[in-house]
Amino acid sequence: MDILRQVKAYMKAERMLERCHLVIAAVSGGVDSMVMADLLERLQEELGFQLVIANFNHRLRPEAEEEATFVGDWARRHGLPFCAGTADIAQLSQGKNLQDTARRERYAFLRSVAFRLGGAAIATAHHSDDQAETVLLHLLRGSGLGGLSAMLPVENGVIRPMLCLDREAICRYAREQGIEWREDESNHSDKYLRNRIRHQLMPLLASYNPRISEALNNAALICRDEDALLDEMAEISLAELWLEDDVALDGPGFDALAPALQRRVLRKAFCLSAGDLP
């Protein structure tokens, strides 16, 4: 059970369960989320949390109803609480980005469950190959350090306990443990940009570097650390330069900053003047 020890160590190292007694696992029925559900069920007693299984039906495929039933039945067989949500994403998107709408509605449902239960973290089944694809996705969009940091292990009430695992290890564990799952055929379609990155760009990059996923994950970790450092420096600079009486920045002091700090200080100053936290 090396994968179990690996996930447990990762969750502890990233302090995923601080002040948290409930974990709501977002389970679609696919292999990644079913493995996550299995791992979290095995770890809940040892790590001191109660697991809740949640499924959100986007109504985008005929199979979605059966997948929701499959997840619900799994939860009940394992004696775990189950929460189900649904929305007509096609109607709600109204010509806008379908995946963005689906993601927004799914997280709105999960956060409503977390709020209702109280003291709950939301667990998603993102893994290191997802992380590598996210780095490339953000790079293609021209993101800075924040975007290239990609998905954080802990972020706004969401934990990602499987970022330490790759897709191959997850599928191997599922086979070894006899875990059933449902296959989402839309994952094979190149209609969506992320799928094209997965099916076309990643294999091409692997021909240049067979360990491309690991390299991109390392790059994300470096960007994460450097982004955090720059953000801390910007907080200090803002405190030194903010002229509270004038609701403005000290001009000469601001001009002396490096451009990378200037951009961050400006963003924080805008938020501060708008009444938000910088």
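The values are calculated or read from the model by the stated rules, or taken from the named source; none is laboratory data. What you see is a predicted model; the values in this text were computed from it and never measured. Cβ atoms come from the backbone with ideal geometry, glycine included; neighbour counts cover every protein chain shown. Protein only, heavy atoms only, side chains kept; ligands, DNA and RNA dropped before computing areas. Shrake-Rupley method; radii C 1.70, N 1.55, O 1.52, S 1.80 Å.
The table below lists the values:
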{"quantity": "Evaluation of residue 154 against (1) of a type in the set (Val, Ile, Thr); (2) open to solvent by 10 Å² or more (accessible area, probe 1.4 Å); (3) without any contact (Cβ under 8 Å) to a residue 60 or more places away in the chain (one fails), failing number", "calculated": "(3)"}
{"quantity": "Pair list, Cβ < 9 Å and 6+ apart or interchain, from the range 236-247 residues that are in contact (Cβ under 8 Å) with a residue 40 or more places away in the chain to residues that are surrounded by 10 or more Cβ atoms within 10 Å (Cβ to Cβ) and among the aliphatic types (A, V, I, L, M)", "calculated": "238/249; 238/265; 238/269; 238/272"}
{"quantity": "Yes/no for residue 183 being in contact with a helix residue (DSSP H, G or I) (Cβ under 9 Å, 6 or more places away or on another chain), open to solvent by 90 Å² or more (accessible area, probe 1.4 Å) and touching a residue at least 24 places away in the same chain (Cβ under 8 Å)", "calculated": "yes"}
{"quantity": "Condition broken by residue 231, with the remaining ones in (1) in a helix (DSSP H, G or I); (2) among the acidic types (Asp, Glu); (3) in contact (Cβ under 8 Å) with a residue 60 or more places away in the chain satisfied", "calculated": "(3)"}
{"quantity": "Any hit, the range 249-272, residues being over 17 Å from residue 135 (Cβ atoms), surrounded by 14 or more Cβ atoms within 10 Å (Cβ to Cβ) and touching a Lys or Arg at 6+ places or on another chain (Cβ under 7 Å)", "calculated": "no"}
{"quantity": "Lone qualifier among 51, 60, 39 - being within 20 Å of the chain's Cα centre (by Cα) and in contact (Cβ under 8 Å) with a residue 40 or more places away in the chain", "calculated": "39"}
{"quantity": "Count - residues of the range 188-199 that are assigned to a helix (DSSP H, G or I) and surrounded by 12 or more Cβ atoms within 10 Å (Cβ to Cβ)", "calculated": "7"}
{"quantity": "The range 165-180, subset of a type outside the set (A, V, I, L, M) and open to solvent by less than 50 Å² (accessible area, probe 1.4 Å), residue farthest from residue 4 (Cα to Cα)", "calculated": "171"}
{"quantity": "Odd one out for residue 220, checked against (1) in contact (Cβ under 8 Å) with a residue 60 or more places away in the chain; (2) on the phi > 0 side of the Ramachandran plot", "calculated": "(2)"}
{"quantity": "Matching entry among 202, 162 (being on the phi < 0 side of the Ramachandran plot and either crowded, with 18+ Cβ neighbours inside 10 Å or outside any helix (DSSP H, G or I) (or both))", "calculated": "162"}
{"quantity": "Residue match in the range 69-77 (condition: within 27 Å of residue 186 (Cβ to Cβ), touching a Cys at 6+ places or on another chain (Cβ under 8 Å) and crowded, with 21+ Cβ neighbours inside 10 Å)", "calculated": "no"}
{"quantity": "In the range 211-245, residue nearest to the chain's Cα centre (by Cα) [restricted to those that are open to solvent by less than 70 Å² (accessible area, probe 1.4 Å) and small (Gly, Ala, Ser)]", "calculated": "220"}
{"quantity": "Leading residue by the ranking (nearest to residue 33 (Cα to Cα)) among those in the range 120-142 that are out of contact with any Gly (no Cβ under 9 Å at 6 or more places or on another chain) and open to solvent by 40 Å² or more (accessible area, probe 1.4 Å)", "calculated": "126"}
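Condition check ((1) under 24 Å from residue 188 (Cβ atoms); (2) open to solvent by 70 Å² or more (accessible area, probe 1.4 Å)) across all residues:
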{"position": "11", "(1), (2)": "no, no"}
{"position": "22", "(1), (2)": "no, no"}
{"position": "27", "(1), (2)": "yes, no"}
{"position": "37", "(1), (2)": "yes, no"}
{"position": "45", "(1), (2)": "no, yes"}
{"position": "55", "(1), (2)": "yes, no"}
{"position": "59", "(1), (2)": "yes, yes"}
{"position": "62", "(1), (2)": "yes, yes"}
{"position": "89", "(1), (2)": "yes, no"}
